[in-house]
Amino acid sequence: MSEENQPRSLTPYICGLILIGGLAALPFVLPPDGVERASIAQFFGRLHPAIVHLPIGLLVLVPLFEVLGLVSIWSHLQKSAGFVLGLATIGVLVATVAGWLLAWSGGYQGETVMNHLWGGIATSGACLMLVAFRQVYKSREGLVLIRLGYIPLLFATVGAMAWTSHQGSIITHGDDYLTKHMPASLRKFLGVPLTPPPAAKTTGTSLFATQIAPIFEKNCVACHKPSKHKGNLRMDTYALLMEGGDSGPPVVAGSLEKSDLYRRITLPADDEEFMPTDGKPALTHAEIKLIADWITAGAQP
């Protein structure tokens, strides 16, 4: 019996199924619950943003190589597509595990966080399926549906990766990161509202409504809103802000010394408890003074 006709080992496929099952179990067994955990877990988790960009670039190259490789003068590109897909799959798996570790240990929770996590898990599973599908696709053996399904699955995987990346951008930069500067004509075509609704649901003429809430909306709400809130703290409404999170109320009316929010926004920028986090710019001196005056005057809504 020739080597080509020998039965293929099922071990890689079984390992792939175990990996997919293990990743899919993470959100149920160890879900992101808004609790911060060991620094070592956060250290490895914070590698996620650095790791994730490489597999994204590699995965985009695979359909390009496969399609261009159909032309005879570029047929050599298809020979590289399998290697690139293998590297991309390893990178996606590592990035997904690091992303879960960051969400689980970094105090994150919320709908957008879970969307991003599930998108990473789905992309990882699809990449593992692609590796298996491609073997059948190139060997021209096995089930016809698998051979015919490789290219559609490849493009669907890239689409899933794009959606997952968008969820990540929302977590890091806010809901309107991709649409803030979108041309009006494109907004209309895609059905995107011309003006996104404000995250802070506060109206009125008080100091909080007119000056403090907009500061929080610009600098804080991106990390403390319904779809993503660190430390179980939400700052999109006055009531939820004053209720506080895992560390208690961040604002104590009349006392700057007891108000953890004021302490954090006045820490050195390199302090790990400094706010805002995730590389966002510090509040201006004028903004800090407004918040200090509001707290000192009683932190009224």
When segment 222-233 is examined, which residues are found to be out of contact with any Ser or Thr (no Cβ under 7 Å at 6 or more places or on another chain) and either polar (S, T, N, Q) or at pLDDT below 75 (or both)?
-> A222, K225, P226, H229, K230, N232
Odd one out for S105, checked against (1) more than 22 Å from L30 (Cβ to Cβ); (2) within 22 Å of the chain's Cα centre (by Cα) = (1)
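The rows are residues; the columns are (1) modelled with pLDDT of 75 or more; (2) basic (K, R); (3) within 30 Å of V62 (Cα to Cα).
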{"site": "T164", "(1), (2), (3)": "yes, no, yes"}
{"site": "G168", "(1), (2), (3)": "yes, no, yes"}
{"site": "R187", "(1), (2), (3)": "yes, yes, no"}
{"site": "L194", "(1), (2), (3)": "no, no, no"}
{"site": "T202", "(1), (2), (3)": "no, no, no"}
{"site": "S206", "(1), (2), (3)": "yes, no, no"}
{"site": "C220", "(1), (2), (3)": "yes, no, no"}
Just wondering, is there one or more residues in segment 100-119 that are under 21 Å from I14 (Cβ atoms), buried (at least 20 other Cβ atoms within 10 Å of the Cβ) and in contact with a Phe, Trp or Tyr (Cβ under 9 Å, 6 or more places away or on another chain)?
-> no
Quick check: is even one residue across segment 84-95 closer than 25 Å to T277 by Cβ and touching a helix residue (DSSP H, G or I) at 6+ places or on another chain (Cβ under 9 Å)?
-> yes
Scanning segment 269-296 for residues that are in a loop (DSSP other than H, G, I, E, B) and surrounded by 12 or more Cβ atoms within 10 Å (Cβ to Cβ) gives F274, M275, P276, T277, D278, K280, A282, L283
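The values are calculated or read from the model by the stated rules, or taken from the named source; none is laboratory data. Keep in mind it's a predicted model, so treat the numbers as computed, not measured. All Cβ positions, even for glycine, are placed from backbone atoms using ideal geometry, and neighbour counts span all protein chains on display.
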